[in-house]
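Okay, so here's the structure we're looking at.
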Amino acid sequence: MLLKNRLFTPGPTPLLPAAQNAMAAFTAHHRTADFKALYTRVLADMKDFIGTSNDVLVIASSGTGVMEGSVSNLTSRGDRVLVLTAGKFGERWRDLAKAYGCTVDVLEKPYGETFSLDEVRIKLTPETRAVYVQATESSTGARHDVKGIAKLVRANGDDTLLIVDAITGLGTTHFDVDGWGIDVIIGGSQKALMIPPGLAYCAISERAWKRMEAAKNPRYYFDFRKERKAAAKGESAFTPATSLFAALGAALDFIRQMGSGDLAAGRKALVDNAELAAEMTRAGVTALGMKLYASSSGAALTAVSSPAGLDSGKIVKEFRESFSAVVANGQGDMKGKLFRIAHIGYYDFLDTIGILAALEHVLARVTGQNVEYGAAVRAAQEIYARSFAEKSQLVGA
C-alpha cells in the first residue's frame, strides 16, 4: 500500500504548496528595492492577519525568541510579573521571567485545565507589571480565556501589560487584539501561516512601546525598538530570512483568497476551518470511547488521553508505521499519557476524515479490542453536515 507522509502535529504543520514554490524561487538580496517592497507589504498584511492597528514585527527566530524578547524588552530586574501556567509552555514563561530576574508570581493549574477569572483576579496586584499567558496551551490542547483575562488586566491599570503567546492561537482562535487591550501577541511561521519554522512575529501596543523606554533588562538581537526603527524604513535590523518572507507573502495571499480578496475575512475563514476540524475530531474521538485530555479544548489541536494502561507512544508509532501519519506524543511528564492531533493551518475536511478513519484501525491494532469501524467517521460527518446546513441557512437568510 502506498504511504503518503502527512503531518498532524501542532508545529511544524503541513506546508502550503504556493509558499513552497515562492520560497524555492526567491533569490533577492535583502538590501534591495525588491525585498524592501516585499518586506513592507508583508508587515502591512500581517496587521490584517493578526487583526490589529498596532505595529507588527517579524523576526528570524523561533517563537521562543520573541517570547524571550517580550520579557527582556518589558521588564527590569525585580519587577513583579504574573505567569499563568497550565502546561509546558506556561512553564516556559515562568522560566524566562526568572532568567531575567523578575519577581514571579505564578498561578498554576494542572496540565489540561485552565484558570478561573476569580483565581486570576486574586493574583493581580497594583505592583504587577506584566501578565504572561498562552492563548492555547499546545502541550495539552487547552484554550485559556484571553478575553476575560484581558478585561481583568485592563481594569488593573495601564501599568500592567498583557502578553499573550498565541503561537498556536493565531489562525485558530478569534481575537480582538486592540479591543481587548492585548499589549503583545506572539505568533510563529510554522503554525497557521503554513510555512516552515524560522519566523516569529508579534503585534505591540503603544503602552508596551512606552514601557520599553524605561525597562532596564539587557537586550540586543531581540531589541524590539531596533526592529521598529528599521521596519519604518522597509528593512530589518539584522539579516532577515529572505526566502521565508517570500513564503510568508504567498501564505498571506492564500489566506486573502480564502476571504475572496479580503485578508481579514480570510483570517476568519481560516479560524472557522480550524474550529470545524477540531469539533469533528472531538466528536470522532468521543464516539470511539476515548477521553479528551483538556477541560476546555481549543481549535489548534485535540489532545486525547491514552486508554488505561497503554503508552500513547504505541499509538503514535502505529500511526507512523501503518499510515505514515505523524501525530504528536505528550511532552515531558505527559509523554506516554496522551497524543495530539492538530488542526492548524493547511488542513481540510478530507484530512480530518482520513485521520479519524486511521485512528479506528490504530486503536484496534494497539488495544487488540473490537472497534466499530466507521463510528468516528460517522460522528465527524454528522458535525460537518450540520455545519454545512447551518451555513446554507445563513446564506439563504
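FYI, it's all coordinate maths here, none of it is from the lab. As the structure is a prediction and not an experimental result, all values here were calculated from the model. Glycine gets a Cβ as well: all are built from the backbone with ideal geometry, and neighbour counts include every protein chain shown.
Per-structure values
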| quantity | calculated |
| --- | --- |
| Inter-part distance where region 135-165 and region 37-116 are each reduced to a Cα centre, Å | 11 Å |
| Lys4 paired with Ala18, simple spin-label distance in nm, labels 7 Å along Cα-to-beta-carbon | 2.0 nm |
| Pairwise label distance in nanometres, Asp158 with Lys317, each label 7 Å out on the Cα-Cβ vector | 5.9 nm |
| Gln134 long-range amide H proximity, modeled H, under 5 Å | Asp165 |
| Summed residue charge, Cβ within 14 Å of Arg121's Cβ, Lys/Arg positive, Asp/Glu negative | -1 |
| Cα convex hull of region 232-389 - mean projected area over all directions, nm² | 12.6 nm² |
| Inter-centroid distance (Cα atoms) of region 349-385 relative to region 208-253, Å | 44 Å |
| 13 Å cut-off, amide nitrogen to a point 7 angstrom out along Arg378 Cα→Cβ, residues in region 286-323 | 287-289 |
| Burial order of peptide ranges 290-297, 225-232 (average beta-carbon count within 10 Å, highest first) | 290-297, 225-232 |
| Residue-averaged 222 nm ellipticity for the chain, from DSSP H runs of 4+ at -39500 (n - 2.57), nearest 500 | -14500 deg cm²/dmol |
| Over the chain - Rg/Rh using Cα atoms and the Kirkwood inverse-distance radius | 0.98 |
| Integer Hz, Karplus 6.51/-1.76/1.60 couplings in order for region 65-79, x for Gly and Pro | x, 6, 4, 4, x, 6, 8, 5, 7, 10, 10, 10, 4, x, 4 |
| Net charge over other residues, Cβ less than 13 angstrom from the Cβ of Ser236 (K, R count +1; D, E count -1) | +3 |
| For Leu199, distant residues with modelled amide H under 5 Å away | Ser61, Ser189, Gln190 |
| Value of relative contact order over the chain, rounded to a whole percent, pairs C-alpha under 8 Å and six or more apart | 22 percent |
| Per-residue ³J(HN,Hα) for region 153-158, Karplus 6.51 cos²θ - 1.76 cosθ + 1.60, θ = phi - 60°, Hz, x for Gly and Pro | 5, 5, 5, 6, x, 5 |
| Fraction of alpha-carbon pairs over 17 Å apart in region 105-205 - percent | 51 percent |
| Amide H within-cut-off set for Thr103, under 5 Å, with H built and near neighbours excluded | Gly78, Asp79, Arg80, Val81 |
| Estimated translational D of region 60-113 in µm²/s (Stokes, Kirkwood radius over Cα pairs; 37 °C; 0.692 mPa s) | 287 µm²/s |
| Selected from Pro110, Pro197, Pro17 as most flexible by GNM, with the chain as the system and alpha-carbon contacts under 10 Å | Pro110 |
| Integer Hz, Karplus 6.51/-1.76/1.60 couplings in order for region 175-186, x for Gly and Pro | 10, 10, 4, 6, x, 7, x, 6, 7, 9, 10, 10 |
| Residues of type lysines that Lys123 reaches as a straight line, Cα spacing below 29 Å, ignoring anything fewer than 8 places off in the same chain | Lys88, Lys98, Lys109, Lys147, Lys151, Lys210, Lys216 |
